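Encoded as C-alpha cells, the structure appears first; notes follow it.
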C-alpha cells in the first residue's frame with residue numbers, strides 16, 4: 001500500500017524507541033507510543049499487533065544492522081589484524097552513535113516473546129561467531145595470541161555493547177575517538193604483535 | 001527497633017530485586033513487590049516510602065559494595081600491576097556472581113529521583129577515580145603504557161559491568177574463570193609489560 005503508511009511506521013518505531021528508552025518496555029503503554037508519534041492508540045494497532053511487535057521490529061533492525069557492520073568489517077581485508085580493526089571500529093562507533101536504540105536492543109531482550117527471542121538470538125549468535133572467527137583466524141595465523149579465543153571474542157563485543165550504556169552525546173569524546181582507542185584496546189586484548 | 005523489622009526489610013529488598021529484574025523498574029508495581037515478599041502492599045509502605053526508595057536502597061548498597069571491593073583491591077599492593085589484577089578480579093567476579101542486582105544497579109539509574117541519582121553518581125565517580133588512579137600510577141611508574149588512561153580506565157570498568165548483562169548461572173564459565181581471563185585482558189589493555 002502506497003502513501004503515508006511507511007512514514008507512519010517509521011514514526012511509530014521512532015516513538016517506540018523514545019518511549020522505551022525513557023520508561024522501559026514494561027513501563028511504556030501503547031498510548032505513550034501513540035502520543036509520542038502524534039497518532040491515536042487505535043492507529044498504532046493498524047501498523048503493529050502489539051507493543052512487543054514494535055520491540056521486535058526495533059530489535060530485528062538493530063541486529064540486522066549490527067551483523068551487516070560486522071560482516072563488512074570482516075570482508076574488508078584478508079588480514080585478521082585489519083579485520084579486527086574494521087569490526088571494532090564500526091561496532092564501537094555504532095554503539096556510541098546509536099546508543100538509545102542499542103540500549104533497548106541489548107537490555108530489553110527478555111521482553112520479547114519466545115519466537116521473536118529465538119530469532120534475535122540467531123542474529124546474536126551470528127555476530128558472536130563472526131567475531132570469534134576473526135580471533136581464531138588471527139591465532140591460527142600466529143598474529144594473535146590468547147589463551148581463550150571464545151571469551152576474548154565475547155569480551156570484545158561486550159566492550160563495544162557497553163559503550164551504549166555510558167555514552168553521552170554531550171560528553172568529551174566523539175564516536176570516532178572511542179572507535180580509534182577501542183581499536184588499540186582490541187588489538188592488545190587479542191595479543192596482536194604491535 | 002528489634003525483632004522482625006530487619007528481616008522484613010531484607011525480604012522486601014530481595015523481592016524488589018527479583019521484581020525489577022523480571023519486569024523492569026517502571027513495569028513493577030508496589031503490589032508486585034509486596035506479593036513477591038509475601039506481604040501486603042500496606043506493609044511495604046511501613047518500610048519504604050516508595051518503589052523508588054527501594055531502588056535507591058538497592059543501588060546504594062550495590063555501589064557501596066563495589067566501591068569497597070575496588071578500594072580493597074587498590075589497598076592490596078603498592079604495585080599498580082598487582083592492584084589492577086586485584087581490582088579487575090574482584091570487579092569481574094562480582095558482576096558475574098551478582099548479575100541480577102548489578103543489572104538493576106547499572107541499567108535503572110534513570111529511574112532514581114534527582115537527589116538519589118546525585119548521590120549514586122558520587123559513588124560511580126569514586127569508583128572511576130580509583131580505577132583511573134591505578135592506570136595513571138602504572139603509566140607514571142612506566143609499567144603501563146596507554147595513549148588515553150582515562151578512556152582505558154572507563155573501558156576496564158565497562159568490560160566488568162557488561163559481564164552482568166551476558167552472564168548466566170548455567171553457562172560454561174564460573175565467575176572465577178571470567179575473573180582470571182579478565183585479569184589477563186586488563187593487563188593487556190593497559191599495555192603492561194608481560
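Every number here is computed from the coordinates shown, using simple stated rules; none is lab data. Computed from a predicted model, the values in this text were never measured in an experiment. Glycine gets a Cβ as well: all are built from the backbone with ideal geometry, and neighbour counts include every protein chain shown.
List of remarks:
- Residues A:172, A:133 arranged by fewest to most Cβ contacts within 10 Å: A:172, A:133
- Tilt relative to chain A, helix A:80-97 - C-alpha long axis, 0 to 90 degrees, to 10: 30 degrees
- Gyration tensor verdict on segment A:24-177 (Cα atoms; rounded if a/c is under 1.5, prolate if a/b is larger than b/c, oblate otherwise): prolate
- Taking B:70, B:46, B:143 in turn, the Gaussian network model of chain B (Cα-Cα springs below 10 Å) assigns the largest fluctuation to B:46.
- Distances between equivalent label points of residue B:177 across the copies, with each point positioned 7 Å along Cα→Cβ, amount to 3.8 nm, shortest listed first.
- Most fluctuating residue given options A:118, A:126, A:93, as computed from a GNM of chain A linking Cα atoms under 10 Å: A:118
- Pseudo-label separations to other copies for residue B:117 - Cα-to-Cβ vector, 7 Å, nm: 3.0
- Residue with peak Gaussian network fluctuation, chain B [Cα springs, cutoff 10 Å], from B:84, B:154, B:67: B:154
- For the protein assembly as shown, the Stokes-Einstein estimate of translational diffusion at 25 °C and a viscosity of 0.890 mPa s comes to 110 µm²/s, using the Kirkwood hydrodynamic radius over alpha-carbon pairs.
- Estimated FRET transfer efficiency (residue B:193, residue A:168; beta-carbon r; R0 41 Å; 0.05): 0.75
- Relative contact order of segment B:40-106, defined on C-alpha pairs under 8 angstrom at six or more residues apart (%): 31 percent
- Per residue, chain A reaches -26000 deg cm²/dmol at 222 nm when only DSSP H runs of four or more residues are counted, each adding -39500 (n - 2.57).
- In this entry, segment B:36-119 is assigned a mean projected area of 6.9 nm², taken as a quarter of its C-alpha convex hull surface.
- Cα gyration tensor category, rounded, prolate or oblate, for segment A:99-164 with a/c compared to 1.5: prolate
- Sorted from closest to farthest, the other copies place their residue B:78 label points 5.5 nm away, with each point set 7 Å from Cα along Cα→Cβ.
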